[in-house]
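Everything below concerns the one structure shown next.
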């Protein structure tokens, strides 16, 4: 089944809902009201209902959402229902932190390869993933990996992206503080870890 | 001037617009159309106009937005018009990456203190910031720092938050993969660096 014309902002919120659902499940809950879900994720409950309406709505009024069922459906929409293998390029501080981060597994990602250009790092293991020479990026296609995470310095981001595209990568999560240019058929999501701090003062009491 | 009833999703997008404006400014541009801005940030142009309407709207039809003026106004709304000093707790891989990240400065943040409990790290400098013993968190109030970034392991996140609150911190950016409980008057924004990867497969072509 294909869902059409879903706003990008709705798609952006689905993982937030999914994480809250998985968290509630870990607490032993089976159902959650849209109000509780709203409080949990910091989004208005009408927004949640509107987001879910794009997929036909998932809830029963007064009973709330079935956590398991809703999680499965969101995962299917996001195409996270099958484990996805990903590669990481650039094992500096941020790359090492990403490799060790437990959250990717929760969303069904398996970081299965890591690359760096520093000979001292090649062969070392982080979180059981051996760091390979960056020249081995070309093997990704053969290994069936088409998702990559870029954590290289800014100046190397564009050339890294190009090497990844040559190796058949179709989706990139970019942590480098720069914009990457790619053909339209490839999806790049650029993350700025400073961006979330920028809305913090707005919510803080004036002193 | 206080702006009321602005949806949290609008506030969340303002830093995204701000970053795009600063980037356009660096390219030597003086004006930008809502359409170009929309393409740049991946948000619908009607959404951008709606977001700006909460503050009275900033554009002139057909002429686009004045980049400098709009940046100043967004910064004022987000209370980023004065440089804010922040502290970081937990100088592991992620903490080190955050300390070295250039993006915070762009939004008007100065990471002015860093703490860790590892004696081997105390006294070392990263990006010209000396790492202090975690017991020194209590000095933050005196130093006028009321924003903190938490990059400690999950198990230590709650106790770290409590120590920060005791030291007068009012806003926390939490990178630990867990929810932190704080009094209502304190604002916590929790970041999950895996969340953005979770919407990537949705946009990727089926193979």
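The values are calculated or read from the model by the stated rules, or taken from the named source; none is laboratory data. Not measured: the values here are computed from a predicted model. Quick reminder, even Gly has a Cβ in these numbers, built from the backbone with ideal geometry, and neighbours come from all protein chains shown.
Structure notes:
- Filtered residues of segment B:89-112 (kept if surrounded by 22 or more Cβ atoms within 10 Å (Cβ to Cβ), in a helix (DSSP H, G or I) and touching a helix residue (DSSP H, G or I) at 6+ places or on another chain (Cβ under 6 Å)): B:94, B:96, B:97
- In segment A:23-47, the qualifying residues are those that are assigned to a helix (DSSP H, G or I), out of contact with any strand residue (DSSP E or B) (no Cβ under 9 Å at 6 or more places or on another chain) and facing chain B (nearest Cβ under 9 Å), and the one that is surrounded by the fewest Cβ atoms within 10 Å (Cβ to Cβ) is A:23.
- Picking from residues in segment A:152-175 that are within 18 Å of the chain's Cα centre (by Cα) and either within 21 Å of residue B:101 (Cβ to Cβ) or surrounded by fewer than 16 Cβ atoms within 10 Å (Cβ to Cβ) (or both), the one that is nearest to the other protein chains (Cβ to nearest Cβ) is A:173.
- Screening segment A:51-75 for residues that are part of a helix (DSSP H, G or I) and in contact (Cβ under 8 Å) with a residue 24 or more places away in the chain and picking the one that is nearest to the chain's Cα centre (by Cα) gives A:75.
- Residue within segment B:13-21 that is at negative phi, assigned by TED's automatic domain parsing to the domain that holds residue B:145 and not in a strand (DSSP E or B) present: no
- Options A:142, A:170: the member that is free of Cβ contacts under 8 Å to residues at least 12 places away in the same chain and assigned by TED's automatic domain parsing to the domain that holds residue A:104: A:142
- Flag for residue A:107 being closer than 30 Å to residue B:91 by Cβ and within 21 Å of the chain's Cα centre (by Cα): yes
- Matching residues in segment A:176-207 - criterion: being more than 8 Å from chain B (Cβ to nearest Cβ), out of contact with any helix residue (DSSP H, G or I) (no Cβ under 6 Å at 6 or more places or on another chain) and under 30 Å from residue B:172 (Cα atoms): A:188, A:190, A:206
- Selection status of residue B:148, over 23 Å from residue A:178 (Cα atoms) and under 19 Å from the mean Cα position of the chain (by Cα): yes
- Across segment A:102-115, not a single residue is classified as touching a strand residue (DSSP E or B) at 6+ places or on another chain (Cβ under 8 Å), farther than 29 Å from residue B:152 by Cβ and more than 9 Å from chain B (Cβ to nearest Cβ).
- Given (1) more than 11 Å from chain A (Cβ to nearest Cβ); (2) touching a strand residue (DSSP E or B) at 6+ places or on another chain (Cβ under 9 Å), index of the condition residue B:20 fails: (1)
- If you check A:57, A:64 for being modelled with pLDDT under 90, on the phi > 0 side of the Ramachandran plot, away from chain B (no Cβ under 14 Å) and in contact with a strand residue (DSSP E or B) (Cβ under 6 Å, 6 or more places away or on another chain), only one passes: A:64.
- Filter pass, residue A:123 being within 22 Å of residue A:191 (Cα to Cα) and either away from chain B (no Cβ under 14 Å) or surrounded by fewer than 19 Cβ atoms within 10 Å (Cβ to Cβ) (or both): no
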